[in-house]
1. Regarding Phe135, is this residue among the hydrophobic types (A, V, I, L, M, F, W, C), surrounded by 15 or more Cβ atoms within 10 Å (Cβ to Cβ), touching a helix residue (DSSP H, G or I) at 6+ places or on another chain (Cβ under 8 Å) and closer than 26 Å to Tyr26 by Cα?
2. Could you tell me whether segment 33-46 includes any residue that is part of a strand (DSSP E or B), surrounded by 13 or more Cβ atoms within 10 Å (Cβ to Cβ) and of a type outside the set (A, V, I, L, M, F, W, C)?
3. What pairs come up if the first residue lies in segment 34-57 and is touching a residue at least 40 places away in the same chain (Cβ under 8 Å), the second is surrounded by 14 or more Cβ atoms within 10 Å (Cβ to Cβ) and part of a loop (DSSP other than H, G, I, E, B), and their beta carbons are under 6 Å apart, counting only those six or more places apart or on different chains?
4. So, in segment 47-58, of the ones that are in a strand (DSSP E or B) and open to solvent by less than 50 Å² (accessible area, probe 1.4 Å), which residue ends up nearest to His99 (Cα to Cα)?
5. Within the bounds of segment 64-74, is there any residue that is modelled with pLDDT of 95 or more and in contact with a Leu (Cβ under 6 Å, 6 or more places away or on another chain)?
6. Would you confirm whether or not segment 80-99 contains a residue that is open to solvent by less than 80 Å² (accessible area, probe 1.4 Å), of a type in the set (Gly, Ala, Ser) and within 27 Å of Asn18 (Cα to Cα)?
Amino acid sequence: MEKYSKAVQIRWADIDQNRHLRHSIYYDYGAMIRIAFLSEHGLTTHKMGELNIGPILFREEAVFRREIKLEDEIEIDVQLVKTNPDFSRWSLRHNFTKHDGTLAAILNMDGAWIDIEKRRLTIPNEFIQKIFDDFPKAGDFQMITKKGNGEK
């Protein structure tokens, strides 16, 4: 898949006293887009429950470039930036783009899969691996080997 993005309608409740998007909303929107991608590819919250697995985040970081205001039209994408071959560890990136093409923010995150019952990190099954293999890849995508060296 080359690109996955969604337009987001900014709500009044998402705006802070400075009349722009509250910092925490960027993280909420990122989660909304990630879960939409997974759900649309068959990995719903119900399916995760059946598989006894869930995604966890180790790091989430926002880089703010331009203000987003209530009237702005924005689109948010999701890209796989790096992963190991079994997709047990991964990094994703969201780009927040205004209607005019201006990059307003970048959201980066590192995550993994946890076995909900054992409360331990785990390797996802082939179903989840296929979904992650179908993620749009970032231009700087890297496959991480066990030694930590990146391959393209």
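The values are calculated or read from the model by the stated rules, or taken from the named source; none is laboratory data. In this text, all values refer to a predicted model and were calculated from it rather than measured experimentally. Cβ: placed from backbone, ideal geometry, glycine included. Neighbour counts: every protein chain shown. For the accessible areas, the whole protein counts, side chains as well, though only heavy atoms, and no ligand, DNA or RNA atoms are used. Shrake-Rupley method; radii C 1.70, N 1.55, O 1.52, S 1.80 Å.
1. Values: among the hydrophobic types (A, V, I, L, M, F, W, C): yes; surrounded by 15 or more Cβ atoms within 10 Å (Cβ to Cβ): yes; touching a helix residue (DSSP H, G or I) at 6+ places or on another chain (Cβ under 8 Å): yes; closer than 26 Å to Tyr26 by Cα: yes.
Judged against the criteria, Phe135 is a match.
2. The first filter runs over segment 33-46 and keeps only residues part of a strand (DSSP E or B), leaving none.
No - not one qualifying residue is present in segment 33-46.
3. Arg34/Val78; Phe37/Tyr4; Phe37/Val78; Asn52/Ile116; Gly54/Ile116
4. Our first condition is that a residue be in a strand (DSSP E or B); within segment 47-58, this holds for 53-58.
In the following step, the residues that additionally are open to solvent by less than 50 Å² (accessible area, probe 1.4 Å) were identified as 53-54, 56.
On the way: Ile53: 36, Gly54: 33, Ile56: 31 Å.
The qualifying residue nearest to His99 (Cα to Cα) is Ile56.
5. Within segment 64-74, the subset modelled with pLDDT of 95 or more is 64-74.
Applying the additional criterion that residues be in contact with a Leu (Cβ under 6 Å, 6 or more places away or on another chain) yields 65, 68.
Looking for residues that are modelled with pLDDT of 95 or more and in contact with a Leu (Cβ under 6 Å, 6 or more places away or on another chain), one finds at least one in segment 64-74, hence yes.
6. Narrowing segment 80-99 to residues open to solvent by less than 80 Å² (accessible area, probe 1.4 Å): 80-81, 83-84, 86-88, 90-98.
Still in the list and also of a type in the set (Gly, Ala, Ser): 88, 91.
Applying the additional criterion that residues be within 27 Å of Asn18 (Cα to Cα) yields none.
Checked segment 80-99: no residue is open to solvent by less than 80 Å² (accessible area, probe 1.4 Å), of a type in the set (Gly, Ala, Ser) and within 27 Å of Asn18 (Cα to Cα).
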